[in-house]
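Coordinate-derived values only; no laboratory data. Quick caveat: nothing in here was measured; it's all calculated off a predicted structure. Neighbour counts are summed over all protein chains in view; Cβ atoms, including those assigned to glycine, are modelled from backbone coordinates with ideal geometry.
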Amino acid sequence: MSFIVKIKKQLALYELLVDLETEAGILAVIGGSGSGKSMTLKCIAGIETPDSGFISLNGRVLYDSSKKINLPPQKRNVGYLFQEYALFPTMTAAENISIVMKQKNPVQVQKWLEEYGLGDYADSYPDHLSGGQKQRLAMIRMLAAEPQCILLDEPFSALDEHIKRKMEREVMEMLHDFDKPILFVSHNQEEVYRLADRIGSMENGRFSPIREKRAFFAEPQTVGQAKLVGCNNISEIDWISEDRVYAKNWNLSLRVPFTELEEQKKYRAIAIYPGDITLYSEDAILEEKQVRNKISVKSCSTEEELHSWAVSCQIDGTDAELMMLLSKEKMPSVPEKITEIFVDGGKIHLLQ
Amino acid sequence: MNLQNLDFTPLWITMKTGVAATFVSFFLGIFAARFVMGRKGKARAFWDGFLTMPLVLPPTVAGYILLRTFSTKRPFGRFLANSLGIQAVHTWLGCVLAATVIAFPLMYRNARAAFEQVDENVIYAAQTLGLSERTIFWKIRIPMAKPGILSGTVLAFARAIGEYGATSMLAGNIAGRTSTISQQIAMVLQNGDFALAGFWCLVIFVISFVCLVALNLFGEKKSKGKKHVFHRKNKKTTGSL
């Protein structure tokens, strides 16, 4: 079961450039709005046509610009779940499903509806269904067409937080037995972390290499990825030595992970998670003695968030700010006057 | 004016013309809407302009063009008459032709607006689900556009039964054959018969008004019908163990 997408398409603001290869299982594509995620899915489904490239699904060529192959969406067998579900409003729930079945089977339709709690709604129109019911119906309809892969286009982003997790679970249960590739597009880091096994990111139409999800969040590799995973303190750098950089945006010299001279030119920036900055020069539980950078700051402003304090500190001698998140549980209140903050050299991420 | 002696043929001619013109406009309008939606840029602007012209032109100009086209003294009209036996000038067919040309843009524009309002994602979803373009058009796009198509049909009918300018030039006012109500009104008014003219005015007024009110009522009923919800929701079996 292999799924290969290598496409190029010139868009108004940038060139879409996607190169991915995946197997069965969920691959998430995380990216901001306008990054080209949805356009990628539309090219895969055949709704939009790339300028050039190649798409194949399990050995079946869906698109090949060099051989002038461009299957219409109808022939691609690609399931596409739209954000607003795109149900057929003039058909009942049962009709929505049966129209896409190759072999009509009313008994099977009713069985599906009952299995997913829609048994009493077979004759209802989509307008009469709740958001959750619509989503389940759209899922049944998509699976009834027997797709060879599934594309999920921000399926949860329009939902309220409290029903979101329930719907996520429902969708995942329905996809549990689907042993083919699933591409899941989202801008929400937590959603992606919960649902996907592997993650690729998209910025300005460029698709990054796919990585295991924990690695993706623990070690962002580009400036765009750092922003997407919430590693928000970012500065451009010049190298001073093998383990020291000058952070241009912050006017600071910082210890960073040891990097060979020839490796250094790969990296153009650094990033620090807000949660990795502390107020202490030493932690009692520090396992390994690490070099801790000391940063002098002028003024700090604190915002109270649900579970943490978000403190923005202005670095001495600059206008630049560093943002840190302090756990409210560990620290019931934030000190009035902060003059120094600290960050371990090992916690600084080098970015390409 | 005496109702018992009144010749009702103008009413029947008008209704027959209206129904025939609406029937033709219905299909042509939907076809044209689909055609224009498939064009892009300049071609689209051109075709839309061309197809909308009868709506803005004085009907007499449309009548002049039709007359010059279908006149048996000219090549195309002569060809139709000689080879196919079709004659539009001074015949009922002329009534239908004139009414169709004038009523067509209302059908076309309403149908197109209705098609364009259909959520494109629904169409994309249908495509990815494997439904053919033909199925999508007839089973999804048309039903979703139904309110707009219906209002286009009713407006086209109302316009067709009231057509005067183009009809009088192409079909003329021949009693019992091409004399529609609107032509009858003009004629009897010239003869000074205000009562009879008023009667026919009332007839046209009532028919048109009934059409429009029926259209509004239908639209309202439709949106009310959508609210009867959750009819079987509370049906639970209460079995005892």
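Points to keep in mind about this one:
- Amide H contacts of A:Leu252 (H built 1.01 Å from N, in plane; Pro and chain starts excluded): A:Ala247 sit under 5 Å, all sequence-distant by 5 or more or on other chains.
- Trypsin sites (Lys or Arg not before Pro) within the range B:15-52: DSSP coil, no more than 16 neighbouring Cβ in 10 Å: B:Arg39, B:Lys40
- For q = 0.12, 0.15, 0.19, 0.20 Å⁻¹, Debye-computed log10 I/I(0) when each Cα of the range A:193-313 counts as one equal scatterer: -0.57, -0.90, -1.31, -1.37
- Both radii were evaluated on the Cα set of the range A:153-198; the Rg over Rh quotient, with Rh as the Kirkwood radius, amounts to 0.93.
- Any cysteine of the protein assembly as shown lacking a neighbouring Cys Cβ under 4.7 Å - listed by number: A:Cys43, A:Cys149, A:Cys231, B:Cys95, B:Cys201, B:Cys211
- Neighbouring partner chain Cβ atoms per residue of A:67-79, average, 10 Å criterion: 3
- Here is the list for the range B:136-228: trypsin sites (Lys or Arg not before Pro) lying in DSSP coil, each with at most 14 other C-beta atoms within 10 angstrom of its C-beta, are B:Lys226, B:Lys227.
- The modelled label-to-label distance for the pair B:Phe218/B:Asn191, using points 7 Å beyond Cα in the direction of Cβ, is 3.6 nm.
- For residues of B:165-174, the mean tally of beta carbons on other chains within 10 Å: 0
- Relative to the longest principal axis of the Cα atoms of chain B, the long axis of helix B:92-117 lies at roughly 30 degrees.
- In degrees, nearest ten, helix A:161-174 long axis to first principal axis of chain A (Cα): 50
- Per residue of peptide B:132-145, the mean number of Cβ atoms on other chains within 10 Å of the residue Cβ is 2.
- Distances between placed amide hydrogens fall under 5 Å for A:Ile240 paired with A:Val245, A:Tyr246, all partners being 5 or more residues away or on another chain.
- When the alpha carbon coordinates of the range B:7-180 are projected onto the principal axes, the ranges are 57, 36, 30 Å, largest first.
- As a calculated quantity, the FRET efficiency between A:Arg165 and A:Asp19 at R0 = 41 Å, using C-beta atoms, amounts to about 0.80.
- Near the amide H of A:Asp316, within less than 5 Å, lie the amide hydrogens of A:Ser296, A:Val297, A:Lys298, all on another chain or at least 5 residues away, with H placed in the peptide plane.
- Descending principal axes extents, the protein assembly as shown, alpha-carbon based, whole Å: 115, 72, 56
- Here the Karplus curve 6.51 cos²θ - 1.76 cosθ + 1.60, taken at θ = phi - 60°, turns the phi angles of the range B:30-37 into couplings of 5, 4, 5, 4, 5, 5, 5, 5 Hz, with x standing for Gly and Pro.
- Over the range A:233-351, Cα pairs under 8 Å with separation of 6+ residues give a relative contact order of 31 percent.
- For the range A:210-272 versus the range B:20-39, the spacing of their alpha-carbon centroids is 62 Å.
- If you model chain A as an ellipsoid using its alpha carbon gyration tensor, with each semi-axis the square root of five times an eigenvalue, the axes come out at 46, 26, 16 Å, biggest first.
- Value at 222 nm in deg cm²/dmol, rounded to 500, when DSSP H runs of n ≥ 4 in the protein assembly as shown each add -39,500 (n - 2.57): -12500 deg cm²/dmol
- Only alpha carbons enter this Debye calculation for the range B:28-105, each as an equal point scatterer, and the log10 of I(q)/I(0) it gives at q = 0.14 Å⁻¹ is -0.56.
- Rounded to 5, percent antiparallel among DSSP beta bridges of chain A: 75
- Cβ crowding within 10 Å averaged over residues, with A:107-115, A:302-310 ranked highest first: A:107-115, A:302-310
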